[in-house]
Amino acid sequence: MAWDLSALLHSADPAASAIERHLWLVRLMDWLRQPPPEGAHSLTPWPVVRMGLLLDVLETQPEISQRVGGVVHHSLRDLDSNGLLADFGFPPRQGFVSELGDRLRLAWLPGTPQTSDAGELFSLLFNRPDDAAWVAALDEATLGRLLRWLEHSSGTPAAWRDEMVEAVQLLASQIRANGLSKALRSRIAPSHMADRPFHQVVALAEALQAAHQQGAGAEALAAHAARLRAVLGRCLDAAHSARQHLDEWGISVDVVFQMDQMRKRAQRIEQLLDAALAAEPAPAFKALWLALLSAAQDRQGIGALFTHHYALLARKVTERSAETGEHYITRDRAEYRQMLGKAAGGGAVIGLTTLAKFALTALQVSAFWVGFLAGVNYALSFVLVHLLHWTVATKQPAMTAPALAAKLEAVGQQEGAIEGFVDEVTHLIRSQIAGIVGNLALVAPVVLAAQGLAWWVQGAPLVGEKDAHYVLHSLTLLGPTALFAAFTGVLLFASSLIAGWVENWFVYHRLESALAWNPRITDLLGPSRAQRWARWWRGNISGLAANVSLGLMLGIIPALAAFVGLPLEVRHVTLGMGQLAAAVGALGLEIFQQPAFWWCLAGIGVTGLLNLAVSFTLAFRVALASRGLQVQERGRLYAALRQRWRQAPGSFFKPPV
């Protein structure tokens, strides 16, 4: 609705009810943001132009200024200013989940002008994303005129300074409560708590407030503010020291959330001190106004909440995976041969897994239970491979991508970092090729041997012609194999995230220490065995979580997808080769004369490529995001990789001599 300024100003009624006064202020803000008149052009944002026009009217027409000033004065008098200065933008409870609920409420439910909270009214007045743009365009002269008019209309000059100083004291109390909470206090290094900064910050804020109320001079107030800022810095240093504890003992979303809120409250105190104590408050007032606008937009969005905390959690999860991923990268000939051997062992186990999968499909049970049993079959097989210290090639990329991303942190900072990154890429590609070759080199012979043994013993193969024809129909590249292979790559990536999360949970809750020292456990197992069990679980929790979750997802998700009518299947390169080998054992050598066989063989090649590429790409992107990296040296990296390919293409396939 378009508002006429003259009619709007004459409708201002200081004697109106609070809700009517608040609605009038909303209409005034709507007038400021109205689109410009048709044909009008200005380099200055129109809200700024209209602000100047409004101030001209208020400064030249005393009657209008008195009416509008009365509305503003009575509204500010009845509002709780701390709701805006000390509380606005901060959660009422210290917790990630409760803050998420509050943000959903703010995003989905409408606000009301029937409020005594200045923060709630502020959100109603400044509810557009472009408000910050025109506020930023306000010049210092216009802001100075606005502040002088506000002081004059309030009847108590500089009363807003008193409220800002009081808000500083409240924010300091919240910082003390935050810093001395059990969750954070137990993680702060003792050296940072020696001079009790969280106790001092409240005492200094109260001293500043007392000096301000007693009318202390500018120099005395500045000295109080300097001491308060120094202690605030020590509080933030103490909170930052807790990050080292999180790195060592795992991470909690609530602890990270509390640390972030402490930092933001300290920033608010700095802004309030600048505005309250400055001789010329216009610049500091503008900075505070913009900070409040940013907080308003931030609290109305869900994405910003997740982005920051996801990055911190993803870093911890990917760092756990990176530690594991280092074991999958070979850098010399001995490690390369060792990888081939480990992959061959994994291929042998997967061969037996393939035969068990065919046996499960013959059971007369519902599709869900077939999927569940298939998932258990895969999970047990993957766990066996893990416990035997063998490997399944397709699990490598999701684990090695975080390790590779860690190398990028040095790019642009250390000499020779790009060359080191290229070396790591060649090691990684060579290792993954070795893993696939080792898997495929043994999975097919194991399945063929089992088929041949069955022919010799019982005169019929374990996997019959019906299943063999189904394999030729399902694995062909002419069908949806590529799509299913890419989806399987997503599951491979998801298993690495689950592994990192579970390990972080294990470390955060100090289960290794509990297993080693809990009296009941030590009485049951004995001290030495409890120590061994604790070390074993610490060393294997990530691998067990990755393998169990991957196996269950490969079996259960297709069954659940079929339940809702989604024809989704998984395509795993090693399992696919085992299935194709079973088809060869059932149909004999004449299968090589069928085009369907060769299309299936091509499909397995594409499956391997997509399994590796999708899982690696997703893991690599998450690892980069977790470090907040914007790779500015990307062009140089690509050029260095191309140069290595031209100069030494063999380094991508065979280890150094």
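The values are calculated or read from the model by the stated rules, or taken from the named source; none is laboratory data. Note that the coordinates shown come from a computational prediction; the quantities given were computed from them, not determined experimentally. Cβ sites come from the backbone with ideal geometry, for glycine too, and all protein chains shown count toward neighbours.
Examine region 395-416 for a residue that is at pLDDT below 75, β-branched (Val, Ile, Thr) and either over 24 Å from GLY341 (Cβ atoms) or assigned to a helix (DSSP H, G or I) (or both), and state whether such a residue exists. Working first, answer last.
Start the filter on region 395-416 by keeping residues that are at pLDDT below 75, which leaves 395-416.
Then keep just the ones that are β-branched (Val, Ile, Thr); that gives 400, 411.
Filter once more, keeping what is either over 24 Å from GLY341 (Cβ atoms) or assigned to a helix (DSSP H, G or I) (or both): 400, 411.
For region 395-416, residues at pLDDT below 75, β-branched (Val, Ile, Thr) and either over 24 Å from GLY341 (Cβ atoms) or assigned to a helix (DSSP H, G or I) (or both): present.
Let's see how each residue does on (1) farther than 25 Å from GLY605 by Cβ; (2) hydroxyl-bearing (Ser, Thr, Tyr); (3) outside the structural domain of ALA393 (by TED's automatic domain parsing); (4) modelled with pLDDT of 95 or more:
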{"site": "LEU475", "(1), (2), (3), (4)": "no, no, no, yes"}
{"site": "VAL490", "(1), (2), (3), (4)": "no, no, no, no"}
{"site": "PHE506", "(1), (2), (3), (4)": "yes, no, no, no"}
{"site": "HIS509", "(1), (2), (3), (4)": "yes, no, no, no"}
{"site": "GLU512", "(1), (2), (3), (4)": "yes, no, no, no"}
{"site": "ARG538", "(1), (2), (3), (4)": "yes, no, no, no"}
{"site": "ALA545", "(1), (2), (3), (4)": "yes, no, no, no"}
Item to check | Candidate set from region 548-582 (those that are in contact with a helix residue (DSSP H, G or I) (Cβ under 6 Å, 6 or more places away or on another chain) and in a loop (DSSP other than H, G, I, E, B)); member that is farthest from LEU352 (Cα to Cα) | outcome: LEU568
Checklist entry - Restricting to region 560-575, what's the tally of residues that are touching a residue at least 12 places away in the same chain (Cβ under 8 Å) and either among the small types (Gly, Ala, Ser) or in contact with a strand residue (DSSP E or B) (Cβ under 8 Å, 6 or more places away or on another chain) (or both)? => result 1
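Taking GLN94, is it under 44 Å from the mean Cα position of the chain (by Cα), at pLDDT 90 or above and either in a helix (DSSP H, G or I) or not hydroxyl-bearing (Ser, Thr, Tyr) (or both)? Quick ask: steps written out before the conclusion?
On the way: under 44 Å from the mean Cα position of the chain (by Cα): yes; at pLDDT 90 or above: no; either in a helix (DSSP H, G or I) or not hydroxyl-bearing (Ser, Thr, Tyr) (or both): yes.
Here the answer is no, as GLN94 does not meet what is asked.
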Checklist entry - Are any of the residues in region 610-618 at pLDDT below 85 and polar (S, T, N, Q)? => result yes
Checklist entry - Can you pull out the residues in region 9-43 that are hydrophobic (A, V, I, L, M, F, W, C), within 21 Å of ILE64 (Cα to Cα) and not in a helix (DSSP H, G or I)? => result ALA12, ALA15, ALA16
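For region 481-513, which residues satisfy the criterion of being in a loop (DSSP other than H, G, I, E, B) and either in contact with a helix residue (DSSP H, G or I) (Cβ under 9 Å, 6 or more places away or on another chain) or polar (S, T, N, Q) (or both)? Break it down into steps so the answer makes sense when it comes.
Step one: list which residues in region 481-513 are in a loop (DSSP other than H, G, I, E, B), which gives 509-510.
Within region 481-513, just ARG510 meets the criteria.
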Next on the checklist: Can you find a residue that is crowded, with 16+ Cβ neighbours inside 10 Å, basic (Lys, Arg), over 29 Å from the mean Cα position of the chain (by Cα) and not in a loop (DSSP other than H, G, I, E, B) anywhere in region 170-178?
Outcome noted: no
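Has region 583-592 got any residue that is under 27 Å from the mean Cα position of the chain (by Cα), assigned by TED's automatic domain parsing to the domain that holds VAL463 and assigned to a helix (DSSP H, G or I)? Let's see the steps before the verdict.
As a first pass, look at region 583-592 and keep what is under 27 Å from the mean Cα position of the chain (by Cα): none.
No, region 583-592 contains no residue that is under 27 Å from the mean Cα position of the chain (by Cα), assigned by TED's automatic domain parsing to the domain that holds VAL463 and assigned to a helix (DSSP H, G or I).
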Checklist outcome for this item: In the set GLY89, GLY83, GLY69, GLY52, the lone residue that is among the small types (Gly, Ala, Ser) and without any contact (Cβ under 8 Å) to a residue 60 or more places away in the chain is GLY83
Checklist entry - How many residues, within region 329-343, are under 17 Å from THR574 (Cα atoms) and surrounded by fewer than 22 Cβ atoms within 10 Å (Cβ to Cβ)? => result 2
Checklist entry - Taking region 357-371 on its own, how many of its residues are assigned to a helix (DSSP H, G or I) and either of a type in the set (Ser, Thr, Tyr) or modelled with pLDDT of 95 or more (or both)? => result 1
Next on the checklist: Need the failing condition index for ALA581 against (1) in contact (Cβ under 8 Å) with a residue 40 or more places away in the chain; (2) closer than 18 Å to VAL447 by Cβ; (3) surrounded by fewer than 16 Cβ atoms within 10 Å (Cβ to Cβ), just the number.
Outcome noted: (3)
Checklist entry - How many of the residues in region 626-656 are within 24 Å of ARG331 (Cα to Cα) and either modelled with pLDDT of 80 or more or surrounded by 13 or more Cβ atoms within 10 Å (Cβ to Cβ) (or both)? => result 20
